Amino acid sequence: MVEVKVVKHCHVCPPPGSVPTTHVPLSFLDMFWITCPPARRFFFYNFPHSTQHFMDNIFPTLQQSLSLTLQHFFPLAGNLILPPQPHQKPYILYTSKDRDCDGQPQLTVTVVESCDQFECDYFDILVADYPRTRDAKEFYPLVPDLPKSCALPDGSRVSPLLAIQITLFPNRGLCICVVFHHGVADGMAAHHFIKSWAAASAMASASTSASSLPYHDRTAVKHPNGLNIDYDISWGGLFPVMDRPIKHLAPLNTTRATFVLTKTQIRKLKSLVSSSLRVSRFIVTCSLIWRCMIKSSITTEENHDDAEIYYLLFVGDCRHRLKEPLPPTYFGNCLDICIVELKKKELLKDDNMDGVVEAIGNKVKELEKEPLKMVEKWFSEWRRCDETKRLITVAGSPKLRVYDTNFGWGRPCKSEILHVDNSKAISLQESRDEEGGIEISLGLTKPRMDRFISIWENSLKHFCT
């Protein structure tokens, strides 16, 4: 694992007096994500300059623009308050006097420098796509830890919500890693913040149009049937996990790779599907990658049970789908959870993907027609599927447009999500190099990755040529 040294460690908050003390109640859609691990997103950029150049000419602007952006996205500079159950519901509290357990402001920004004498080669490896695979643990020195949670006298837990690390590879590139608590924002909201910060940095200005300001009224989130959901969530064992240093979570013997489906390949996949459903690039991409993931998990020594059920979980943005739609700039969680169930024999068909496409397509159709239909059963359904050890989750989305995140030195040369290296998740995003293409990132053990690559190549030959 590459070594890094700390160049600067600082605390950033909104400008003094710009945001009053604010209490933000969580919606029922936020509650589901409280117990999830923090989300960790990497943005890699080409940056052929020295560390000193960055610190003298770039970092001051980044720091100032972050402060100015946080006055609009102030919940990220606050704390998640988890009172002793069942005393009170969780909420976000922003106050200019927010401090961690050591009395320091909560939001931390750390700048580190790679100490590897071959940092240029190391950077190139990190941003590579398949066929080069990368050791998953090499990404962990690039990730900041959220400040530790602490306990208040009444037993409430106080949890910071955002941390940022900038890793410099002198004269080659840099990586910005943003870590945020999923209870405060979903991917759409978090990327709204990140892009706003990037735009402010690129313009060296706090200029923000009214149409792009975040919408913070979480009381606007209404259950489709008018119900008041009260999730029975226990977070007693959550904080020992969340407060564990990230370097201790690095997986062993796991490799990462990014696979790309071109626009032409996606068009070919769509043309082969016999379905009356509207078949999107998301549907055919998930269908192909799910098949390959399941095939790669099966060895010749295993008992083949064709009736065995496998599960695919993906989420869909509901801002525009609710009976009372929310603005696209709504800052919070507004996701529906969709779980596809399919027998192994249908997933492993060699001649076509119709059954897989149909199953995923029907779930997408249900989401569009009746969002949040199963919201009361999210927890039980997730646990039921996860306990089988046959659940794969889909993170990210091409709609997030991660490659549009420009801080002033060009588009990212790579963007990734950390947690896909657990063999139970994949991430999707738009192609870096071609409009209409899709990138798929995943992490597997080395033997399984080798099997996956062979299966992936054979699938592309069979379906896309």
Can you find a residue that is at pLDDT 95 or above, in a helix (DSSP H, G or I) and either touching a helix residue (DSSP H, G or I) at 6+ places or on another chain (Cβ under 9 Å) or surrounded by fewer than 20 Cβ atoms within 10 Å (Cβ to Cβ) (or both) anywhere in the stretch 156-168? no
Considering only the stretch 291-307, state which residues are surrounded by 10 or more Cβ atoms within 10 Å (Cβ to Cβ), in a loop (DSSP other than H, G, I, E, B) and modelled with pLDDT of 75 or more. 298, 305, 306
For the structure I just gave you, tell me whether residue 198 is at pLDDT 95 or above and more than 16 Å from the chain's Cα centre (by Cα). yes
Among the strands (runs of 3 or more DSSP E) confined wholly to the stretch 1-64, which include 2 or more residues that are at positive phi, of a type in the set (S, T, N, Q) and more than 25 Å from the chain's Cα centre (by Cα)? none
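Just wondering, is there one or more residues in the stretch 412-431 that are without any contact (Cβ under 8 Å) to a residue 60 or more places away in the chain, on the phi < 0 side of the Ramachandran plot and in contact with a Phe, Trp or Tyr (Cβ under 8 Å, 6 or more places away or on another chain)?
yes
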Look at the stretch 398-419 and say how many of its residues are closer than 14 Å to residue 256 by Cβ and modelled with pLDDT under 95. 1
Can you confirm whether the stretch 338-357 contains a residue that is modelled with pLDDT of 95 or more, crowded, with 17+ Cβ neighbours inside 10 Å and among the charged types (D, E, K, R)? no
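Taking the stretch 265-290, which residues are in contact with a helix residue (DSSP H, G or I) (Cβ under 8 Å, 6 or more places away or on another chain) and loosely packed, with under 14 Cβ neighbours inside 10 Å?
Passing the criteria: 274, 278.
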Hey, can you tell me all the residues within the stretch 413-465 that are part of a loop (DSSP other than H, G, I, E, B) and not acidic (Asp, Glu)? 413, 423, 424, 431, 432, 436, 437, 465
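The values are calculated or read from the model by the stated rules, or taken from the named source; none is laboratory data. Bear in mind the structure is a predicted one, so any value in this text is a computation, not a measurement. All Cβ positions, glycine included, derive from the backbone under ideal geometry; neighbour counts span all protein chains shown.
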